[in-house]
Amino acid sequence: MGSPGAARLQILDVFRGCAIVLMVVYHFCFDLAYFGHIRADFNYDWRWLSFRAIILSSFLLTAGASLGISAARGLNPHRFLKGLGEVAGAAVLVSIASWLVFPRSWIFFGVLHCIAASRIIGLAFTRRPWLALGTGVALILAGHIFRFPALDAPVLRWIGMMTFKPVTEDYVPLFPWTGVFLTGMWAGNQLFLSDRLQSLRRWESRSPAAQLLAWAGRRSLMIYLLHQPLLFAAFYAVRTLHG
């Protein structure tokens with residue numbers, strides 16, 4: 001879910017790979033609950049909500065950082081549009097698939113939708129990293145503090161700041177989550193340009209764990225699209241075999 005035009009910094013790939021592992025663990029537990037193997041409240045239990053927030057923040061921070069690095073290097077329009085098209089196309093597939101499986105709680109604006117929209121918004125900040133940081137913090141605060149009944153309208157729910165949580169399997173509105181993306185843009189800019197962060201920029205590890213996480217991080221979109229259907233199919237097969 002990073003930007004194809006971004007420098008291949010292993011530290012970013014590893015960080016994104018860690019987010020992928022946490023996401024698979026989260027969805028594995030979700031499927032355990034869905035098929036009745038455990039009891040868990042993913043909608044209101046603060047522990048699960050916090051776990052989800054950590055995962056989402058990790059993806060949006062790294063997606064923003066990738067764009068920030070690409071911008072610092074000199075944004076390649078072709079690569080940007082190619083990456084944007086891949087994420088937007090994947091978001092459409094997620095919406096269609098979720099509507100087929102969960103027609104009453106389909107995903108109309110999940111993490112991929114938010115990343116695609118945030119990339120477009122982020123273009124306004126490619127040469128203004130500190131403005132990206134300030135705007136990002138403002139969006140995060142606004143998304144947690146303000147509630148507007150007018151934004152409860154179905155056509156506006158992707159913005160956020162609603163008075164209630166909509167019925168959907170994944171809800172990642174612009175407020176506050178684009179704020180996390182913009183904060184990541186600032187972080188990516190600093191990581192690429194700051195002399196004080198050279199050690200992080202140049203960090204590489206040949207350990208099997210780091211290599212595996214980096215591999216997963218480079219293929220995060222593919223893993224995101226495939227892991228839940230595979231998990232769901234495996235749980236369904238187990239339930240069918242055991243009656």
Fully extended contour minus Cα-Cα distance, from S199 to Y26, at 0.36 nm per residue: 59.1 nm
In region 150-219, chymotrypsin sites (Phe, Trp or Tyr not before Pro) in a DSSP loop with at most 11 other beta-carbon atoms within 10 Å: F164
Karplus 3J(HN,Hα) series, Hz, for region 19-31 with 6.51 cos²θ - 1.76 cosθ + 1.60 (x for Gly, Pro): 5, 5, 4, 4, 5, 5, 4, 4, 6, 4, 5, 4, 5
Exposure proxy order (Cβ contacts within 10 Å, fewest to most) of D195, D31, D152, D41: D195, D41, D152, D31
Mean residue ellipticity (222 nm) of the chain, computed from DSSP H runs ≥ 4 via -39,500 (n - 2.57), nearest 500: -23000 deg cm²/dmol
Full-extension gain in nm, D152 to C18, via 0.36 nm per residue minus C-alpha separation: 44.8 nm
Per-selection Kirkwood Rh - the chain (Cα, Å, 1 d.p.): 18.8
Residues listed by number, region 86-125, amide nitrogen under 20 Å from I54 label point at 7 Å toward C-beta: 111
Local electrostatic count, A33, Cβ distance below 12 Å [Lys/Arg +1, Asp/Glu -1]: -2
Trypsin sites (Lys or Arg not before Pro) within region 23-119: DSSP coil, no more than 15 neighbouring Cβ in 10 Å: R39, R104
Taking T178, T183, T163, T126 and counting other C-beta atoms within 10 Å, the order from fewest to most: T163, T126, T183, T178
Linear extension gain, W46 paired with I145, 0.36 nm per residue minus alpha-carbon span: 33.9 nm
Per-residue HN-Hα couplings for region 101-110 [Karplus 6.51, -1.76, 1.60; θ = phi - 60°; Hz; x = Gly/Pro]: 8, 10, x, 8, 9, 5, 8, 9, 7, x
Local electrostatic count at L191 - Lys and Arg +1, Asp and Glu -1, tallied over other residues with Cβ under 14 Å: +4
Residue order, fewest to most beta carbons within 10 Å, for I145, I11, I121: I145, I121, I11
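Each reported figure results from applying straightforward, stated rules to the coordinates on display, with no laboratory input. Source: prediction; values computed, not measured. Note that we place each Cβ from the backbone using ideal geometry, even for glycine, and neighbour counts take in every protein chain shown.
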